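These notes concern the structure reproduced below.
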Amino acid sequence: MHETSVINIDLKGRTPPAFIAVEGPIGVGKTTLAKKLAASFNYDTLLEDAEENPFLEKFYRNRKQAALATQLFFLFQRAQKIQDVRQADIFAPVRVSDFLIEKDPLFARLNLGHDEYQLYQRVYRQLTIDAPRPDLVIYLQASTDVLLSRIDNRGLAYEQAIERDYLERLNEVYSEFFLYYDDAPLLIVNASEIDLVNGETDYRHLVDYLLDIRSGRHYFNPTFFG
């Protein structure tokens, strides 16, 4: 686990988005970026706790057998975190999140059989999740090779059984989801060349770019800033 260092940012009179959601497939660096942004802006974080899911390791070893339990655990966990935010949101604190609840059905469609998915949809609808709308969504993209390399480098035991085919299909459903996403301003980032753990220069360029976004769809490619 890497300790998040604070990188001070010159805002140049600009105000960061009040609620930023960072998304992307496994291994792309969304939690690392969320923590860095929170440290730079002095924001609270709203983070997934994948290590708390007792079914996750079983899922990566046998997706068909453990998919429904894994999916429902994550759904309830994310819904509870959003409910806690709603109840505590007296002073509307600013936040960075490493998930969008709207993406939860992506994994359900990818991993569940027909009957299981029908059950999942019933549960999802019953939860009536009223998630706050982000002021900016950052979607991190990376190739399957990059994702595999990063998963290997961070060395989490429960992730070592993840297969290339699964990551490729996950990348596809993410791309499709964000192709049509328009619920909030969107920044699509080519994360294949960004070292979010050690790369301060790329991080500063990214933050400088996102501070000017107020609406629409935008693209950030770090190679343009080299």
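The values are calculated or read from the model by the stated rules, or taken from the named source; none is laboratory data. Note that the coordinates shown come from a computational prediction; the quantities given were computed from them, not determined experimentally. So basically every Cβ, Gly included, is an ideal-geometry build from the backbone, and we count neighbours across all protein chains shown.
Spot the failing condition for Ile90; the list is (1) of a type in the set (Val, Ile, Thr); (2) farther than 21 Å from Leu136 by Cα; (3) at pLDDT below 90; (4) touching a helix residue (DSSP H, G or I) at 6+ places or on another chain (Cβ under 9 Å), and only one is missed.
Only one criterion in (1) of a type in the set (Val, Ile, Thr); (2) farther than 21 Å from Leu136 by Cα; (3) at pLDDT below 90; (4) touching a helix residue (DSSP H, G or I) at 6+ places or on another chain (Cβ under 9 Å) is unmet by Ile90, namely (4).
Condition first: in contact with a strand residue (DSSP E or B) (Cβ under 6 Å, 6 or more places away or on another chain) and of a type in the set (Phe, Trp, Tyr). Now tell me which residues in region 163-214 satisfy that.
Scanning region 163-214 gives Phe178, Tyr209.
Looking only at residues in region 151-184 that are among the acidic types (Asp, Glu) and more than 30 Å from Pro17 (Cα to Cα), which one is surrounded by the most Cβ atoms within 10 Å (Cβ to Cβ)? Working first, answer last.
Quick first cut of region 151-184, residues among the acidic types (Asp, Glu) only: 152, 159, 163, 165, 168, 172, 176, 182-183.
Pick out the ones that are also more than 30 Å from Pro17 (Cα to Cα) and you get 152, 159, 163, 165, 168.
Numbers: Asp152: 13, Glu159: 17, Glu163: 11, Asp165: 9, Glu168: 13.
Top of the filtered list is Glu159.
Quick one: in region 47-77, which of the residues that are part of a loop (DSSP other than H, G, I, E, B) and not acidic (Asp, Glu) is farthest from Leu100 (Cα to Cα)? Full working, then the answer.
Our first condition is that a residue be part of a loop (DSSP other than H, G, I, E, B); within region 47-77, this holds for 47-49, 53-55, 62.
Remaining after also requiring not acidic (Asp, Glu): 47, 53-55, 62.
Numbers: Leu47: 10, Asn53: 18, Pro54: 21, Phe55: 21, Asn62: 25 Å.
That would be Asn62.
Residue-by-condition table, conditions (1) part of a loop (DSSP other than H, G, I, E, B); (2) more than 18 Å from Leu187 (Cβ to Cβ); (3) touching a residue at least 60 places away in the same chain (Cβ under 8 Å):
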residue: Asn8; (1), (2), (3): yes, yes, no
residue: Leu11; (1), (2), (3): yes, no, yes
residue: Pro16; (1), (2), (3): yes, no, yes
residue: Ala21; (1), (2), (3): no, no, yes
residue: Ile26; (1), (2), (3): yes, yes, yes
residue: Thr31; (1), (2), (3): no, no, yes
residue: Leu37; (1), (2), (3): no, no, yes
residue: Ser40; (1), (2), (3): no, no, yes
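Check whether at least one residue in region 100-116 is part of a loop (DSSP other than H, G, I, E, B), closer than 30 Å to Glu193 by Cα, at pLDDT 90 or above and not hydroxyl-bearing (Ser, Thr, Tyr), and report yes or no.
So in region 100-116, the residues part of a loop (DSSP other than H, G, I, E, B) come out as 100, 112-113.
The next check asks that each one be closer than 30 Å to Glu193 by Cα; those that pass are 100.
This time we only want the ones that are at pLDDT 90 or above, so: 100.
Right, trim to not hydroxyl-bearing (Ser, Thr, Tyr) and you get 100.
Yes, region 100-116 contains a residue that is part of a loop (DSSP other than H, G, I, E, B), closer than 30 Å to Glu193 by Cα, at pLDDT 90 or above and not hydroxyl-bearing (Ser, Thr, Tyr).
Six or more apart or on different chains, Cβ atoms under 8 Å: show the pairs whose first residue is in region 110-126 and surrounded by 11 or more Cβ atoms within 10 Å (Cβ to Cβ) and whose second is not in a helix (DSSP H, G or I).
Qualifying pairs under 8 Å: Tyr120/Leu112.
Among residues belonging to region 205-224 that are under 19 Å from Asn8 (Cα atoms) and not hydroxyl-bearing (Ser, Thr, Tyr), point out the one that is surrounded by the fewest Cβ atoms within 10 Å (Cβ to Cβ). Can you show your working first?
Looking only at region 205-224, we keep the residues that are under 19 Å from Asn8 (Cα atoms), and these are 205-212.
In the following step, the residues that additionally are not hydroxyl-bearing (Ser, Thr, Tyr) were identified as 205-208, 210-212.
Values: His205: 17, Leu206: 23, Val207: 19, Asp208: 15, Leu210: 20, Leu211: 19, Asp212: 9.
By that ranking, first place goes to Asp212.
Just one of the numbered conditions (1) over 16 Å from the mean Cα position of the chain (by Cα); (2) surrounded by fewer than 19 Cβ atoms within 10 Å (Cβ to Cβ); (3) of a type in the set (D, E, K, R) is not true of Asp202; which one?
Evaluating Asp202 over (1) over 16 Å from the mean Cα position of the chain (by Cα); (2) surrounded by fewer than 19 Cβ atoms within 10 Å (Cβ to Cβ); (3) of a type in the set (D, E, K, R) leaves (2) as the failure.
Collect the residues in region 182-199 that are without any contact (Cβ under 8 Å) to a residue 60 or more places away in the chain, in contact with an Asp or Glu (Cβ under 9 Å, 6 or more places away or on another chain) and within 28 Å of Leu56 (Cα to Cα), keeping them in residue-number order.
Listed by number, the residues that qualify are Ser192, Asp195.
Filter region 25-52 for residues that are among the acidic types (Asp, Glu) and within 13 Å of the chain's Cα centre (by Cα) and give the result.
To start, the set of residues in region 25-52 that are among the acidic types (Asp, Glu) comprises 44, 48-49, 51-52.
Correct list: Glu48, Asp49.
Which members of region 26-54 meet the condition of being small (Gly, Ala, Ser) and at negative phi?
Of region 26-54, the ones small (Gly, Ala, Ser) are 27, 29, 34, 38-40, 50.
Answer for region 26-54, where residues must be small (Gly, Ala, Ser) and at negative phi: Ala34, Ala38, Ala39, Ser40, Ala50.
Counting only residues that are basic (Lys, Arg) and over 27 Å from Thr45 (Cα atoms), which one in region 57-81 is surrounded by the fewest Cβ atoms within 10 Å (Cβ to Cβ)? Spell out how you get there, then give the answer.
If we filter region 57-81 for residues that are basic (Lys, Arg), which is where we start, we get 58, 61, 63-64, 78, 81.
Applying the additional criterion that residues be over 27 Å from Thr45 (Cα atoms) yields 58, 61, 63-64.
Details: Lys58: 17, Arg61: 13, Arg63: 17, Lys64: 11.
Top of the filtered list is Lys64.
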